[in-house]
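One structure is given here, and the rest of the page talks about it.
The values are calculated or read from the model by the stated rules, or taken from the named source; none is laboratory data. Values in this document were obtained by computation on a predicted structure and should not be read as measured data. Only protein heavy atoms, including side chains, enter the accessible area calculation; ligands, DNA and RNA are left aside. Shrake-Rupley method; radii C 1.70, N 1.55, O 1.52, S 1.80 Å.
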Amino acid sequence: MRKLDYFWTTNKDWYEWTENGERVIKPDAPTEAQESYKHYLEQKKRKSIE
């Protein structure tokens, strides 16, 4: 089992909830959080392919 990158969720000011109940990064989140979110999405995509 792989561990997903959840750093971007460590500060509630960096993300928001969609109507579908998913968390998404805010555009004004710091660069580190933006990179973490991109990494998270890549990991999630790869996981769904496996």
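A few comments on the model shown:
- In region 5-50, the residue that is most open to solvent (accessible area, probe 1.4 Å) out of those that are assigned to a helix (DSSP H, G or I) and among the basic types (Lys, Arg) is 12.
- Residue check, residue 29 among the aliphatic types (A, V, I, L, M) and over 10 Å from the mean Cα position of the chain (by Cα): yes
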